[in-house]
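**Q** Just passing along the structure, written as structure tokens.
The values are calculated or read from the model by the stated rules, or taken from the named source; none is laboratory data. This structure is a prediction, so every number in the text was calculated from the model and none was measured. Positions of Cβ are backbone-derived with ideal geometry, glycine not excepted, and every protein chain shown enters the neighbour counts. Surface areas here come from the heavy atoms of the whole protein model, side chains and all, with no ligands, DNA or RNA. Shrake-Rupley method; radii C 1.70, N 1.55, O 1.52, S 1.80 Å.
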Amino acid sequence: MLATVRAPRRLEGEVRVPGDKSISHRALILNAVADGVARVRGLSPGADVLSTAGCLRALGVEVDGEVVAGRGLRGLREPSGPLDCGNSGTTMRLLAGLLAAAPFPVTLVGDASLSRRPMDRVVEPLRTMGARAATGPLRVGGEVRLRGIDYVLPVASAQVKSALLLAGLFASGRTRLRQPAPTRDHTERMLAAMGAPVEVDGLTVSIRGPVGRLDPLDVAVPGDLSAAAFWLVAAGLHPSACVRVPAVGVNPTRAALLEVLTRIGVRVHRRDGRTQGGEPVADLEVGTARAARAFTVSGAEVAALIDELPVLAVAATVLPGSTRITGAGELRVKESDRIRAMAVGLAAMGAEVQELPDGWEIRGPRRLHGARVDSFGDHRVAMALAIAGLLAEGTTEIEGAECVAISYPGFWEALESLARPFRPPHGLETAEGGSGGSRSASETA
Ligand code: S3P
């Protein structure tokens, strides 16, 4: 599918983003092995989370809309074939950990993109725990006894940390994980809320197993900050914009984007801060930045905005000065090689972007122009390039636009609604906005 995007005269309105993808996966997986029934409201409708639900059903778990009927930690059933994780790295890695101690063998498969992604990072430590685990395709499970390990994670990865914590539920003794930098802590929060003996001490997370049971946990999933990121960047950098995104998760291990936006000169207003499902949530509002400037991102901050880097690269193209984003080599092993994909797409639109082994150097400001660009089948690349289209002159066409459904099925409709504000009441037009003058938005064919 090809999406067509043109710059609107104004970006304005409120947009509700889907439920957080990371929290949705965890709410399904952990409740699937809890002792009882839980309700998960606001689950992500994205294809990745549907992959998790499908795998859990294949393991005998009843997932009916919002309701998950937990089978207990030792109640999963042997699936009749390989588990299909689709495009979802989180599904594959977390389930590999959960099933490492299953009394039956399991094979986990995925699409072409997922089949290329590194799984050694979970297989090796699982083996050290005593698991029978192998790659190509990923296999775990069979009659084994796991033991806790002390492990220093070589990469800052919440998926690896979570996989090992899930295996740690079944291991005898303590599983202690030391991270090189903080990564999203949704698994720790949820496990603790379900009564598991999890301890967090700085960068170290431990669980003492084997754990007898998990209490079911009703979860109200916050809006996905990684989805909101597209609108926050677009609104901050579009010359005439005001966008509100209600009920977004602002967990500090995920919220570095908001700090970077502040450094750039974009003011993000957080309103009505509250806690929802054990996670901090706020309503976010952004308007056009008055004086924006280039920025740097490196080191520990990278893990706290890893999924937002493609859209931050878009921001850098229109900001005055030289932006350097480094320490983000992990982007090369996401759903696509995001460093390359964004460099190719942005260069085609007139950006001055240099690919680095672990990031980009981008000089601005450049007036981007529309071009035909490739999503590389990667949802975040497709959406980031769409935001570039909102800031560019002329028409941008994005190939493979349907992949946004991996995390954000309503993305194109949301873009359309922001770029074409509703007609004000009584047919009045405001000086800036109104529906009459706005050319643009997106079409998909
Ligand atoms: C995720 C962790 C991150 C992130 C991914 C979701 C998670 O991956 O990029 O989109 O839900 O744990 P890594 O753990 O590989 O860094």
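**Q** Can you find, among Ile23, Ala193, Thr175, the residue sitting farthest towards the positive end of the charge dipole of the chain, where Lys and Arg contribute +1 and Asp and Glu -1 at Cβ?
**A** Thr175
**Q** Now a separate question. Assign unit charges at the C-beta atoms only (+1 for Lys and Arg, -1 for Asp and Glu), then state the dipole size of region 21-209 relative to its Cα centre in Debye, rounded to the nearest 20.
**A** Here the size comes out at about 300 debye.
**Q** Here's a follow-up. Distance from the Cα centre of region 312-332 to that of region 1-73, in angstrom?
**A** Here the two parts' Cα centres lie 30 Å apart.
**Q** Per residue, how much accessible surface does the chain expose to a 1.4 Å probe? Answer in Å², no decimals.
**A** Spelled out: the 1.4 Å probe surface of the chain, per residue, equals 37 Å².
**Q** Still on this model: Would you list Arg26, Arg16, Arg213, Arg263 from the most to the least accessible area, probe 1.4 Å?
**A** Result of the area sort, largest leading: Arg16, Arg213, Arg263, Arg26.
**Q** By its C-alpha gyration tensor, with a ≥ b ≥ c as the square roots of the eigenvalues, how is region 21-209 shaped: rounded for a/c under 1.5, else prolate for a/b larger than b/c, else oblate?
**A** It is rounded, given that a/c, with a ≥ b ≥ c, falls under 1.5.
**Q** For region 329-341, what does the Karplus curve 6.51 cos²θ - 1.76 cosθ + 1.60, with θ = phi - 60°, yield as ³J(HN,Hα) per residue in whole Hz, taken in order and with x for Gly and Pro?
**A** Each residue of region 329-341 in turn: x, 4, 4, 6, 10, 8, 4, 9, 6, 5, 5, 5, 4 Hz.
**Q** With θ set to phi - 60° and the Karplus curve 6.51 cos²θ - 1.76 cosθ + 1.60, what are the ³J(HN,Hα) couplings of region 191-207 in order, to the nearest whole Hz, using x for Gly and Pro?
**A** 4, 4, 5, 9, x, 7, x, 9, 10, 10, 9, x, 8, 9, 10, 10, 9
**Q** Compare the Cα positions of Thr91, Met1, His379 along the charge dipole of the chain (+1 at Cβ of Lys, Arg; -1 at Cβ of Asp, Glu; about the Cα centre) and return the one farthest towards the positive end.
**A** Thr91
**Q** What figure in square angstrom, to the nearest 10, would you give for the accessible area of Arg127 with a 1.4 Å probe?
**A** 120 Å²
**Q** Spin-label point model (7 Å from Cα, Cβ direction): what's the Arg57 to Ser298 distance in nm?
**A** 4.8 nm
**Q** Also, I was wondering about something else. Run the Debye formula on the Cα coordinates of the chain, all scatterers equal and no solvent, and tell me log10 I(q)/I(0) at q = 0.10, 0.13 1/Å.
**A** Here log10 of I(q) over I(0) equals -0.69, -1.12.
**Q** Enumerate the amide H contacts of Asp374 below 5 Å, restricted to partners 5 or more residues apart or on another chain; note that Pro and chain-start residues carry no placed amide H.
**A** The list, which skips near neighbours in sequence, is Glu399.
**Q** A further question on this structure: Could you give the size of the charge dipole of region 289-412 about its Cα centre, using +1 on the Cβ of each K and R and -1 on the Cβ of each D and E, expressed in debye and rounded to the nearest 20?
**A** 460 debye
**Q** Let me spell out the model: positive unit charges on the Cβ of Lys and Arg, negative unit charges on the Cβ of Asp and Glu, origin at the Cα centre of the chain. What dipole size does that give, in debye rounded to 20?
**A** Rounded to the nearest 20 debye, it is 720 debye.
**Q** Post the alpha-carbon centroid distance, region 225-304 to region 158-185, in whole angstrom.
**A** Spelled out, the Cα-based centre of one part sits 28 Å from the other.
**Q** Something else: How much of the accessible area of the chain, in percent, comes from carbon and sulfur atoms when a 1.4 Å probe is used?
**A** C and S atoms contribute 50 percent here.
**Q** Working out 0.36 nm times the residue gap between Val109 and Asp201, then minus their Cα-Cα distance, what length gain in nm do you get to one decimal?
**A** Between Val109 and Asp201, full extension yields an extra 29.7 nm.
**Q** Further question on the same structure: On a 1.4 Å probe surface of the protein chains, which of Arg274, Arg57 comes out largest in accessible area, and what is the full order?
**A** Largest to smallest exposure gives the sequence Arg57, Arg274.
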